[in-house]
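**Student:** One structure, as structure tokens, below. Some questions next.
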Ligand code: UDP
């Protein structure tokens, strides 16, 4: 079986398999923040992210969300359907935090009556700029119909995730997801879902996510391990 590295990302390497519609996502022990400016090797992170993301994607598949996830094949690796990634970071916010708080000069942790969906153009050279629907069309990334689907699907995913995290005592503050076109041209959820790309606060307002790394608040793998342990209740 010939396996080739197709793409090396900040947190994952993507390899081909003998099936051209399937890839292997290998989760690395690397944490980055601020568009790669802060970078560290963190032993055990790849295993935790693969475990958590596999668990969440399995639950999303079971709940009827179409995703790229096929199966977890080792501690650090999973099989995914090959997709053409849509170059958008779709962010959903239930509470104010991070760049939203900075942009609008508001404190973190204010509940948003209606969750807000935002698009960022995935382009490292441009620093992933914040863009609106019309920019998405200008860039020919998605049609009107696809934009509506991306937003509605992200809200549906949010309802499921918010409920699951609520059941384990964590508040889903915000998250980022990515979608791709599968071989039939259908838009499905791709990438990963882990504390790397969401914010989770516990009942005491402790950060249980990558802000621990971004803001130097503690040991990232301890926090991810706690999230993983809590998720076991949902098995
Ligand atoms: N996020 C991400 N990748 C990015 C930027 C943001 O996964 O490149 C996630 C981040 O973890 C948070 C949400 O998207 O859960 C909103 O992030 P925000 O825009 O507040 O940016 P940040 O403050 O993280 O720079």
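The values are calculated or read from the model by the stated rules, or taken from the named source; none is laboratory data. Fair warning: this is a prediction, and the values are worked out from it, not measured in the lab. Ideal geometry is used to build each Cβ from the backbone, glycine not excepted, and the neighbour counts take in all protein chains shown.
**Student:** Could you give every pair whose Cβ atoms fall below 6 Å, whose first residue belongs to region 80-99 and is within 27 Å of residue 14 (Cβ to Cβ) and within 8 Å of the ligand (Cβ to nearest atom), and whose second residue is in a strand (DSSP E or B) and modelled with pLDDT of 95 or more, counting only separations of at least 6 or pairs across chains?
**Tutor:** Within 6 Å, the pairs are 89/120; 89/176; 91/118; 91/176.
**Student:** Here is a follow-up. Scanning for something farther than 26 Å from residue 138 by Cβ and within 11 Å of the ligand (Cβ to nearest atom), does region 101-109 turn up at least one residue? If you could, list the steps in order and put the result at the bottom.
**Tutor:** Step one: list which residues in region 101-109 are farther than 26 Å from residue 138 by Cβ, which gives 101, 105-109.
Retained after the next criterion (residues that are within 11 Å of the ligand (Cβ to nearest atom)): 101, 108.
Checked against the condition, which is being farther than 26 Å from residue 138 by Cβ and within 11 Å of the ligand (Cβ to nearest atom), region 101-109 yields at least one hit.
**Student:** Filter region 204-235 down to the residues that are part of a helix (DSSP H, G or I) and under 18 Å from residue 34 (Cα atoms) and list them by number. Explain how you work it out, then say what you get.
**Tutor:** Taking region 204-235 and keeping what is part of a helix (DSSP H, G or I), we get 211-214, 220-234.
Result: 211, 212, 213, 214, 220.
**Student:** Which is within 13 Å of the ligand (Cβ to nearest atom) and crowded, with 17+ Cβ neighbours inside 10 Å, of 172, 189, 150?
**Tutor:** Exactly one residue qualifies, and that residue is 172.
**Student:** Same structure, new question: Restricting attention to region 117-138, report how many residues are surrounded by 14 or more Cβ atoms within 10 Å (Cβ to Cβ) and either within 16 Å of the ligand (Cβ to nearest atom) or closer than 27 Å to residue 36 by Cβ (or both). Lay out the reasoning, then the answer.
**Tutor:** Filtering region 117-138 for residues surrounded by 14 or more Cβ atoms within 10 Å (Cβ to Cβ) gives 117-122, 128, 130-131, 133, 136-137.
In the following step, the residues that additionally are either within 16 Å of the ligand (Cβ to nearest atom) or closer than 27 Å to residue 36 by Cβ (or both) were identified as 117-122, 128, 130-131, 136.
The number of residues fulfilling the criteria is 10.
**Student:** Next question. Please go through (1) free of Cβ contacts under 8 Å to residues at least 40 places away in the same chain; (2) within 15 Å of the ligand (Cβ to nearest atom) for residue 203 and return the number of the only condition it doesn't satisfy.
**Tutor:** For residue 203, the exception is condition (2).
**Student:** Is it the case, given these coordinates, that residue 41 is surrounded by fewer than 14 Cβ atoms within 10 Å (Cβ to Cβ) and either farther than 24 Å from residue 161 by Cβ or touching a helix residue (DSSP H, G or I) at 6+ places or on another chain (Cβ under 7 Å) (or both)? Let's see the steps before the verdict.
**Tutor:** Values: surrounded by fewer than 14 Cβ atoms within 10 Å (Cβ to Cβ): yes; either farther than 24 Å from residue 161 by Cβ or touching a helix residue (DSSP H, G or I) at 6+ places or on another chain (Cβ under 7 Å) (or both): yes.
Against the criterion (surrounded by fewer than 14 Cβ atoms within 10 Å (Cβ to Cβ) and either farther than 24 Å from residue 161 by Cβ or touching a helix residue (DSSP H, G or I) at 6+ places or on another chain (Cβ under 7 Å) (or both)), residue 41 qualifies.
**Student:** Does any residue of region 104-115 turn out to be in contact (Cβ under 8 Å) with a residue 24 or more places away in the chain, out of contact with any helix residue (DSSP H, G or I) (no Cβ under 8 Å at 6 or more places or on another chain) and more than 28 Å from residue 27 (Cβ to Cβ)?
**Tutor:** Scanning region 104-115, I find at least one residue that is in contact (Cβ under 8 Å) with a residue 24 or more places away in the chain, out of contact with any helix residue (DSSP H, G or I) (no Cβ under 8 Å at 6 or more places or on another chain) and more than 28 Å from residue 27 (Cβ to Cβ), so the answer is yes.
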